[in-house]
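Colleague: After the structure tokens below, expect a handful of questions from me.
The values are calculated or read from the model by the stated rules, or taken from the named source; none is laboratory data. Note that the structure is a prediction, hence the values are computed from the model and not measured. Reconstructed Cβ throughout: ideal geometry from the backbone, glycine too, with neighbour counts over all protein chains shown. Just so you know, the surface numbers come from the protein's heavy atoms only, side chains and all, with ligands and any DNA or RNA stripped out. Shrake-Rupley method; radii C 1.70, N 1.55, O 1.52, S 1.80 Å.
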Amino acid sequence: MLQQYTKEFRYNLKLAAPVMLGMLGHTFVGLIDNIMVGQLGTAELAAVSLGNSFMFIAMSLGIGFSTAITPLIAESDAEKNFERGKSVFKHGLFLCTTLGVVLFLMILMAKPFMYLMKQPIEVVELAIPYLDLVAFSLIPLISFQALKQFSDGLSMTKYPMYATLVANLVNIFLNYVLIFGKFGFPEMGIIGAAIGTLVSRLVMVVFLWVFLKNKEKSKRYVTHIRFWVLKSKMIRNIIALGFPSSLQMFFEVAIFTAAIWLSGVLGKNPQAANQIALNLASMTFMVAMGLSVAAMVRVGNQKGLQHFKDLRRIAISIFILTFIIEVVFAIFFVLFNELLPKLYLDVKDVENLADNTEVIVIAAKLLIVAALFQISDGIQVTVLGALRGLQDVKIPTVITFIAYWIVGFPISYYLGLHTSFKSSGIWIGLLAGLTVSALLLYYRFNVLTKRLILKKE
């Protein structure tokens, strides 16, 4: 019985591994950013956290929207409908790039809100110039996501990984020379980190475009494109899938962003600790995201072939694999909860010893809670990927809103600001929201796939 699921593990990992590595590489740069900025002080680390909290919201909308491309391409590929696939790519890239510009302008207009959020003033004044540059990087980032989702939809998952890894090397080098002023470059602090992020995202787009233009399977899709000839029907199709998908990701990312802001109300040290725990949790989440893409692609293929029994079996095999991997991560977080935060701060810095010690103590407690929600977070994102592969996005959007904002946020707010739990209370709310999301989304998948199987029989 179990073997029918475990036999899919090898192919699932083969498809997901490049996505995982690409995303882990991208998050690893965030880790390096935070470690480098952490050497400047806890105020600088908190400023990057605050600036990135605005970026996370915008990125969630852009990346969530771009996920509409993958199931449409996977379905077209399974049906061998090249013309439809090329149309999906063209319209998807146009819409994502346009959305990137809109999100950049929205962040610029939102900057004054930082002063109204009860954040430490020294943190706000460091965050604003950092955000200017990082916000502009949204345009190439969302364009890259369109190319990536297209490539994933064709099961060409390794090429976005290559582009990401090259960009990451560029980012690490620029961070090192610009943050600390090495090799004759000016010492720019967190502005140097922002420049590194912007340049690396431009590099990422260029490299992936070159890869896709030179590969036999993809080159016909990405060449000889007339972007000024657009069809309203395809635009509507992509928006119908992309808009709910962007809201799903927005609801989840926004509650983590709210956790950053709530932590800021508690002070710069709780905010810095929150950033450390969030960055570590993000790295393990990227593994689940890779499996989510595998679910989206494989379910999209089976939907195109109308093989609904195989669709359900393959999806469940991915859920089981995710559960096993996330349990391993949870154990790792519990065993090393006190050691991991020390990677981010200079524990030998006598001048900031009290601040750094407090940050490490808080972050260690948060990692215990993070260990528990690894499992819920992994399951909910892979089930969401399977539902996107089925092109079922409206009901899951309602589910994510209820889980994160009707259940999760009120718990975070109350326990974080009105009880002695403080930072741990904020993360208990995140755990509650993710668990409810995982349970309700799986229930939706279970009902939907059984209905499709019965209908075909």
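Colleague: Arrange the peptides 5-13, 107-115, 268-276 so that the one whose residues have, on average, the most other Cβ atoms within 10 Å appears first. Intermediate results must be reported in sequence, preceding the final value.
Modeller: Values: 5-13: 15.2, 107-115: 13.6, 268-276: 27.7.
Result, highest mean Cβ count within 10 Å first: 268-276, 5-13, 107-115.
Colleague: When only the heavy atoms of the protein chains count and the probe is 1.4 Å, how do Asp132, Asp152 rank by accessible area, highest first? Walk me through the numbers on the way to the answer.
Modeller: Values: Asp132 60, Asp152 0 Å².
In descending accessible area the options line up as Asp132, Asp152.
Colleague: Could you work out how far helix 232-266 tilts from the main Cα principal axis of the chain, as a 0 to 90 degree angle to the nearest 10?
Modeller: Rounded to the nearest ten degrees, it is 20.
Colleague: Shifting gears a bit: With respect to the cross-link table entries Lys86/Lys215; Lys86/Lys217; Lys86/Lys450, which display a Cα-Cα separation exceeding 22 Å?
Modeller: Values: Lys86/Lys215 15 Å; Lys86/Lys217 12 Å; Lys86/Lys450 32 Å.
In this structure, Lys86/Lys450 lie more than 22 Å apart at Cα.
Colleague: How much area per residue is accessible in the range 129-190 when the probe is 1.4 Å and only protein heavy atoms are counted (Å²)? If you can, show how the numbers build up before the last one.
Modeller: Values: 2100 Å² over 62 residues.
Value for the range 129-190: 34 Å² per residue.
Colleague: Something else now. At a 1.4 Å probe radius, carbon and sulfur cover how many percent of the accessible area of the chain?
Modeller: For the chain, the apolar C and S fraction of the accessible surface comes to 68 percent.
Colleague: Sorted by mean Cβ packing within 10 Å, highest first, what order do the peptides 53-61, 445-453 take? Numbers along the way, then the final one.
Modeller: Working: 53-61: 22.3, 445-453: 15.6.
Descending mean neighbour count gives 53-61, 445-453.
Colleague: If you take the Cα Rg of the range 1-138 and divide it by 2.2 N^0.38 Å, with N the number of residues, what do you get?
Modeller: On the way: Rg = 20.0 Å, N = 138, 2.2 N^0.38 = 14.3 Å.
Cα-based Rg divided by the globular estimate yields 1.40.
Colleague: Also: When we measure straight from the Cα of Lys7, which lysines land under 21 angstrom away, once same-chain ones fewer than 8 places off are left out?
Modeller: Lys303, Lys309
Colleague: Express the relative contact order of the chain as a whole percentage, based on alpha carbon pairs under 8 Å and six or more residues apart in sequence.
Modeller: Numbers: 752 pairs, mean separation 104.1, N = 457.
Averaging sequence separation for qualifying contacts and normalising by length gives 23 percent for the chain.
Colleague: For the chain, take the longest principal axis of its alpha carbons; what is the angle in degrees between that and the long axis of helix 69-79, to the nearest 10 within 0 to 90?
Modeller: Roughly 20 degrees, rounded to the nearest 10.
Colleague: Per q in 0.10, 0.11, 0.12, 0.23 Å⁻¹, report the Debye log10 I(q)/I(0) for the range 95-192, using one uniform scatterer on each alpha carbon and no solvent.
Modeller: So the normalised log intensities are -0.40, -0.48, -0.57, -1.12.
Colleague: Please tell me which of these pairs span more than 18 angstrom C-alpha to C-alpha: Lys90/Lys219; Lys233/Lys456; Lys148/Lys213? The partial results should precede the final answer.
Modeller: On the way: Lys90/Lys219 13 Å; Lys233/Lys456 28 Å; Lys148/Lys213 13 Å.
Result: Lys233/Lys456 exceed 18 Å.
Colleague: If you don't mind, there's one more thing I want to ask. Could you tell me the accessible area of Ile406 in Å² (1.4 Å probe, neighbours in place), rounded to the nearest ten?
Modeller: Its accessible surface works out to 100 Å², give or take rounding.
Colleague: What number comes out for the charge environment of Gln4, summing +1 per Lys or Arg and -1 per Asp or Glu over other residues with Cβ under 12 Å away?
Modeller: Cβ neighbours under 12 Å give a net charge of +2.
Colleague: Within 10 Å, count the other beta carbons around each residue, average over each peptide in 233-242, 133-142, and list them highest first.
Modeller: 133-142, 233-242
Colleague: Also, I was wondering about something else. What dipole magnitude, in Debye to the nearest 20, does the range 50-176 give about its Cα centre under +1 on Lys/Arg Cβ and -1 on Asp/Glu Cβ? Don't skip to the end; give the middle numbers.
Modeller: On the way: 8 positive and 8 negative charges, 31 e Å.
Value, rounded to 20: 160 debye.
Colleague: While we're here: Taking the Cα atoms only, what angle lies between the long axis of helix 308-335 and the longest principal axis of the chain, rounded to 10 degrees?
Modeller: Computed tilt is about 20 degrees.
Colleague: So which lysines can Lys342 reach, going by Cα to Cα under 18 Å and dropping same-chain residues fewer than 8 places off?
Modeller: Lys342 reaches Lys268, Lys365.
Colleague: Can you give me the C-alpha center-to-center distance between the range 441-456 and the range 109-163, rounded to a whole angstrom?
Modeller: Here the answer is 36 Å between Cα centres.
Colleague: Gain in length, His224 to Glu83, computed as 0.36 nm per residue apart minus the alpha-carbon separation, to one decimal in nm? Please report the intermediate quantities before stating the final value.
Modeller: Numbers: separation 141, 0.36 × 141 = 50.76 nm, distance 1.27 nm.
Answer, rounded to one decimal: 49.5 nm.
Colleague: Given the rule -39500 (n - 2.57) for each run of at least 4 DSSP H residues, summed and divided by the residues of the chain, what is its mean residue ellipticity at 222 nm, to the nearest 500 deg cm²/dmol? Walk me through the numbers before you get to the answer.
Modeller: Working: 17 runs with 375 residues, N = 457.
Only helices count here, giving -28500 deg cm²/dmol.
Colleague: Compute the relative contact order of the range 48-112 as a whole-number percentage, counting only Cα pairs closer than 8 Å that sit 6 or more residues apart in sequence.
Modeller: Numbers: 23 pairs, mean separation 26.1, N = 65.
Relative CO of the range 48-112 lands at 40 percent.
Colleague: Could you report the accessible area of Asp377 in Å², rounded to 10, computed with a 1.4 Å probe on the protein chains as they sit in the structure?
Modeller: 10 Å²
Colleague: For the range 344-413 and the range 222-270, what is the centre-to-centre distance using only Cα atoms, to the nearest Å?
Modeller: For the range 344-413 versus the range 222-270, the Cα centre distance is 18 Å.
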